[in-house]
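Read the structure below first, then the notes.
The values are calculated or read from the model by the stated rules, or taken from the named source; none is laboratory data. Keep in mind that this is a model prediction, so the values were computed, not measured. Every residue, glycine among them, receives a Cβ derived from its backbone with ideal geometry; neighbour counts consider all protein chains shown.
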Amino acid sequence: MAAARPFRACSCFFSSNLFVRRCGLHVRYRHREQLLSDYGTIEAEVQRRKQLIHQSTERKAIIASRYKRKHPEVYVLQDSFLAPEFLEIVSYCTSPDAHLDGLLRYTESFSDKRIYRLPVFTEEFCRAFVEELENFEQSDMPKGRPNSMNNYGVLLNEIGMDENFITPLREKYLRPITALLYPDLGGACLDSHKAFVVKYALHEDLDLSSHYDNAEVTLNVSLGKDFTEGSLYFGDFRQDPSPVPSYIEVEHVGTQGLLHRGGQIHGALPIASGERWNLIVWMRASAIRNRLCPMCNQKPELVEAEGFGDGFTESAEDDVPETVDLCSLW
Ligand SMILES: O=C(O)CCC(=O)C(=O)O
Ligand SMILES: [Fe+2]
């Protein structure tokens, strides 16, 4: 078997979509002087991004050697963690005659935005998982931030959950579903991911500004705990903006997940009480993003990266498929 291609990032990571928290805005670094005088804080974000990769690898090594897990069992995905209804959906999607309309009978759909809700985990699993994350949060281990917008939460690859939990969840369970829901976005060939848990609490992050994800397809599962408000809102697809965007609100339901296109503009309303923990899996299809980086909207300029990078792969010009039909051959 040919060795798997290493994953890469796009160089725009260092120049585009820089989030300026003070203004709640993403900006692109084009005219450095002007942006610095307008926003002041961009330089810090660029520096943060440059050091990110190296620091993450270091944290991962420290955590692997020193962190004492409270629930070691949650690091290895088992069918018993998954809601029986979710297993039924996967079983339908892997059956030979599965089709989109059949799948839609099992899920809840929201407007025409291709947002779907479905059961994912059991309550017991969600409880044990959040306890594990709290145990990590309270430990003295080094911690990274989930992304440039969320300040609280856990990067799952750093605590060692990618290999035996998120990767099999994506490959064995989610991909048969996304193959039917999002064939045009490489739903059948989502070959990498970035997974993290976000946490909202009264004296921490309350909400999340409007954005789109660095993903072809996103899974967002509500893990609890108890909270009020904090719904998601969804606007247009980023490549298909309308003159007057229409927004819909979608509530989080404990143990259930939402699947949406990464490019669907969305944000989270503030929680009013309690704590909200959600598992977010940004799933990526190299066959799609190698042609157009979703963050800078250009042909990606690849730079070396650790692990899954940002889901791009190096490919010789002659083996770039002209169409993404290969996604359906899996
Ligand atoms: O807070 C949420 O549930 C959504 C988080 C989100 O959209 C993200 O992290 O990309
Ligand atoms: Fe998001």
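For every residue, the table says whether it meets (1) of a type in the set (Val, Ile, Thr); (2) at pLDDT 95 or above; (3) more than 27 Å from residue 251 (Cα to Cα).
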site: 46; (1), (2), (3): yes, no, yes
site: 66; (1), (2), (3): no, yes, yes
site: 70; (1), (2), (3): no, yes, yes
site: 75; (1), (2), (3): no, yes, yes
site: 79; (1), (2), (3): no, yes, no
site: 87; (1), (2), (3): no, yes, no
site: 90; (1), (2), (3): yes, yes, no
site: 96; (1), (2), (3): no, yes, yes
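Could you check residue 261 against (1) of a type outside the set (Ser, Thr, Tyr); (2) away from ligand 2 (no atom under 16 Å from the Cβ); (3) within 25 Å of residue 86 (Cβ to Cβ) and say which number it fails? Among (1) of a type outside the set (Ser, Thr, Tyr); (2) away from ligand 2 (no atom under 16 Å from the Cβ); (3) within 25 Å of residue 86 (Cβ to Cβ), the lone unmet condition for residue 261 is (2).
Is it fair to say residue 97 is within 16 Å of ligand 2 (Cβ to nearest atom) and acidic (Asp, Glu)?
On the way: within 16 Å of ligand 2 (Cβ to nearest atom): no; acidic (Asp, Glu): yes.
Spelling it out, it is not the case that residue 97 is within 16 Å of ligand 2 (Cβ to nearest atom) and acidic (Asp, Glu).
Inside segment 53-84, residues that are without any contact (Cβ under 8 Å) to a residue 40 or more places away in the chain and either in a loop (DSSP other than H, G, I, E, B) or surrounded by 14 or more Cβ atoms within 10 Å (Cβ to Cβ) (or both) make up a count of 1.
The number of residues in segment 213-226 being within 11 Å of ligand 1 (Cβ to nearest atom) and either surrounded by fewer than 22 Cβ atoms within 10 Å (Cβ to Cβ) or under 21 Å from residue 126 (Cα atoms) (or both) comes to 6. Which of the residues belonging to segment 210-230 are touching a Lys or Arg at 6+ places or on another chain (Cβ under 8 Å) and either of a type outside the set (Val, Ile, Thr) or modelled with pLDDT under 95 (or both)? Within segment 210-230, 212, 214, 215, 216, 222, 224, 225, 227, 230 meet the criteria.
Kindly indicate whether residue 246 is hydroxyl-bearing (Ser, Thr, Tyr), surrounded by fewer than 19 Cβ atoms within 10 Å (Cβ to Cβ) and in contact with a Leu (Cβ under 8 Å, 6 or more places away or on another chain). So residue 246 fails the test.
Considering only residues that are more than 16 Å from residue 215 (Cβ to Cβ) and among the hydrophobic types (A, V, I, L, M, F, W, C), look in segment 269-286 and name the one that is surrounded by the fewest Cβ atoms within 10 Å (Cβ to Cβ).
Filtering segment 269-286 for residues that are more than 16 Å from residue 215 (Cβ to Cβ) and among the hydrophobic types (A, V, I, L, M, F, W, C), the one surrounded by the fewest Cβ atoms within 10 Å (Cβ to Cβ) comes out as 272.
Scan segment 191-209 and give yes if some residue there is away from ligand 1 (no atom under 11 Å from the Cβ), closer than 18 Å to residue 118 by Cα and surrounded by 22 or more Cβ atoms within 10 Å (Cβ to Cβ), otherwise no. Looking through segment 191-209, none of the residues is away from ligand 1 (no atom under 11 Å from the Cβ), closer than 18 Å to residue 118 by Cα and surrounded by 22 or more Cβ atoms within 10 Å (Cβ to Cβ).
In segment 287-330, the residue that is surrounded by the fewest Cβ atoms within 10 Å (Cβ to Cβ) out of those that are at pLDDT 85 or above and not in a loop (DSSP other than H, G, I, E, B) is 304. Does any residue of segment 69-84 turn out to be among the acidic types (Asp, Glu) and within 19 Å of residue 279 (Cα to Cα)? Yes - at least one qualifying residue is present in segment 69-84. The test for being closer than 18 Å to residue 67 by Cα, modelled with pLDDT of 95 or more, more than 13 Å from ligand 1 (Cβ to nearest atom) and in a helix (DSSP H, G or I) holds for residue 129. Contact map, segment 260-289: residues that are among the acidic types (Asp, Glu) paired with residues that are buried (at least 21 other Cβ atoms within 10 Å of the Cβ), Cβ distance under 8 Å, separation 6+ or inter-chain. Pairs shown: 275/199; 275/200.
State which residue is modelled with the lowest pLDDT when the search covers only segment 231-260 and only residues that are within 17 Å of the chain's Cα centre (by Cα) and among the hydrophobic types (A, V, I, L, M, F, W, C). Taking the candidates together, the pick is 237.
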